[in-house]
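**Student:** I have a structure here, written as structure tokens, and I will follow up with some questions on it.
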Amino acid sequence: MAFSDDLNRSVAPVWRACIAHPFLEGIVSSTLTPAQFGFYLYQDAYFLAEDARVMAIAASRATTLRQVADLARLIENVNQAEQTRHRAFAAELGVVLEDPAEARPAPTALAYVNHLRSVALDGSLGELLAALLPCPWLYRDFGRHYVDRAPDNPMYRDWLAPYAGDEFDQRVRQQIALVDALAEQVSEAERARMKRHFVISTRYEHLFFDMAFAMEAWPDFASAADEDVMARA
């Protein structure tokens, strides 16, 4: 059994929960509100920018020119294809996508990025790629799952369609192949770390949909304190 098969089996319940998540069902049924989708776009644009940075760190740890070339193409796909689509949808909704340095990530988006950064800090190439893999793989799978349920909302239909396409599938297969190849070359202990990072990232994918659906916000302690002072006055 390929290492990637073991990874996929290890997260089967949360994988199914992601694909059936109310956020995606809202996309397919066109009942997701523009505010929810705009919130998702803002948070995902922040995440994708950081994802590309972590991918660049992974490329710096590549040991062959083929690995460097493969990772460079993946970075280009994230920066050009995904971010271009996000900017177009955001502009249609009137959402301003800020520079990552100025962005205001929700708690879950920040936590997911910090997870990837922590792996990038001292993880191997295999660990980094395993941590990055759930995002594209899951999007490919839910694209396929909903391929026969095109949303009535044209924006949602345009957002969903590429994830079921051949080009995206090839990108995902490339990332899976990289992870499988690296898993064959490392110790059992490193494979265990790769699997742990993959599992954590998959769980964050589910939390990311939770975050977008609920339009998660940081607690406003200042306002709460002001209200308490007013109540005591």
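**Student:** For region 130-187, take N as its residue count and report Rg(C-alpha) divided by 2.2 N^0.38 Å. Walk me through the numbers on the way to the answer.
**Tutor:** Values: Rg = 14.0 Å, N = 58, 2.2 N^0.38 = 10.3 Å.
For region 130-187, the normalised Cα radius of gyration is 1.36.
**Student:** Which number comes out as Rg/Rh for region 3-232 once both Rg and the Kirkwood Rh are worked out on C-alpha atoms?
**Tutor:** 1.00
**Student:** Taking 0.36 nm per residue of sequence separation and subtracting the Cα-Cα distance, how much length would be gained by fully extending the chain between residue 185 and residue 10, in nm to one decimal?
**Tutor:** Difference between extended and current length: 60.9 nm.
**Student:** Compute the projected area of the convex hull of the Cα atoms of region 67-176, averaged over all viewing directions, and report it in nm² to one decimal place.
**Tutor:** Numbers: hull surface 32.1 nm².
Computed as one quarter of the Cα hull surface, the answer is 8.0 nm².
**Student:** Give me the net charge for the shell around residue 149: Cβ to Cβ below 15 angstrom, other residues only, Lys and Arg +1, Asp and Glu -1.
**Tutor:** -3
**Student:** Defining a contact as two alpha carbons under 8 Å apart and six or more residues distant in sequence, what relative contact order in percent does the chain show? Write out the running numbers ahead of the final one.
**Tutor:** Working: 217 pairs, mean separation 79.3, N = 233.
Normalised by residue count, the contact order of the chain is 34 percent.
**Student:** Now for a separate question. Towards the positive end of the charge dipole of region 3-232, with charges on Cβ (+1 Lys, Arg; -1 Asp, Glu), say which of 108, 38, 67 has the farthest Cα.
**Tutor:** With unit charges placed on the Cβ atoms, the residue in question is 67.
**Student:** Counting Lys +1, Arg +1, Asp -1, Glu -1, what net charge surrounds residue 89 among other residues with beta carbon under 12 Å of its beta carbon?
**Tutor:** Here the charged neighbours net out to -1.
**Student:** Around residue 212, what is the net charge, scoring Lys/Arg as +1 and Asp/Glu as -1 over all other residues with Cβ under 15 Å from its Cβ?
**Tutor:** With Lys, Arg at +1 and Asp, Glu at -1, the net is -4.
**Student:** Using only DSSP helix segments of four residues or longer, with each worth -39500 (n - 2.57), what per-residue ellipticity at 222 nm results for the chain after dividing by its residue count and rounding to 500?
**Tutor:** Counting only the DSSP helices, I get -24000 deg cm²/dmol.
**Student:** Right, next: To the nearest 20 debye, what charge dipole does the chain have about its Cα centre, counting +1 at the Cβ of each Lys and Arg and -1 at the Cβ of each Asp and Glu? The partial results should precede the final answer.
**Tutor:** Details: 22 positive and 33 negative charges, 110 e Å.
Computed about the Cα centre, the dipole is about 520 debye.
**Student:** According to the Cα gyration tensor, what semi-axes, each the square root of 5 times an eigenvalue, does the equivalent ellipsoid of region 1-137 have, listed from largest to smallest in whole Å?
**Tutor:** Semi-axis lengths for region 1-137 are 27, 20, 14 Å.
The numbers here are math on the coordinates, done by the rules we state, and not lab data. Bear in mind the structure is a predicted one, so any value in this text is a computation, not a measurement. Here the Cβ is made from the backbone with ideal geometry for all residues, glycine too, and neighbour counts use every protein chain on show.
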